[in-house]
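Inspection log for the structure reproduced underneath, given as structure tokens.
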């Protein structure tokens, strides 16, 4: 049975579980997320969805998180429906992250919403001010394996980010981007 069918059939129960988990303190939720991390079965996937939807800014239906996905600052996430985040992805949403409907993020991708500054020469770069910049991924986007999406980027509707690409600037709708840094290689 597909995830969409499960959500259609048991959505009321899943929402009730998410409501229950919303009362858990954030550190407890993070700990429970890490416990399910290495597992890929239906129960682990359901558990990760319930934890995510209970703490996220908003969460649509049928969101899949694969095994060993690291999610930081979930409260700043807004996900649409039918989103998949595959194994070994790293996402830190402290600067804000909005993902539309029908988005697939392949394995080993990174999405970051902050950057270190380096203007204070009296402090090591790692202790300089952090600059936040939201990332927006529109509907119907495919992010290929190992891609990196950097802070402040907006990816347009029905676009593809090729495997291994490093996206440092906005991506218009209906294109394929590839390379480091990512550049348009084809209109679709």
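Every number here is computed from the coordinates shown, using simple stated rules; none is lab data. Computed from a predicted model, the values in this text were never measured in an experiment. Virtual Cβ from ideal backbone geometry, glycine too; neighbours counted across all protein chains shown.
General remarks:
- Tilt relative to the chain, helix 3-21 - C-alpha long axis, 0 to 90 degrees, to 10: 90
- Cα centroid separation, segment 107-127 to segment 151-173: 20 Å.
- Ascending count of other beta-carbon atoms within 10 Å, so fewest first, for 33, 118: 118, 33
- Ordered by the count of other Cβ atoms within 10 Å of each Cβ, fewest first, 176, 74, 155 give 176, 74, 155.
- Rounded to 5, the percent of DSSP beta bridges in segment 88-188 classed as antiparallel: 25
- Between 0 and 90°, nearest 10: helix 42-55 axis offset from the chain longest Cα axis: 70
- Ranked list, fewest to most other Cβ atoms within 10 Å of each Cβ, for 87, 8, 140: 8, 87, 140
- Within segment 1-159, percent of DSSP bridges classed antiparallel, to nearest 5: 10
- Oblate is the label for the chain. Its Cα gyration tensor axes, ordered a ≥ b ≥ c, give a/c of at least 1.5 and b/c at or above a/b.
- Summary value for the chain: 12 percent relative contact order, contacts being C-alpha pairs under 8 angstrom separated by 6+ residues.
- Theoretical ellipticity at 222 nm over the chain - DSSP helices of four or more residues, -39500 (n - 2.57) apiece, nearest 500: -7500 deg cm²/dmol
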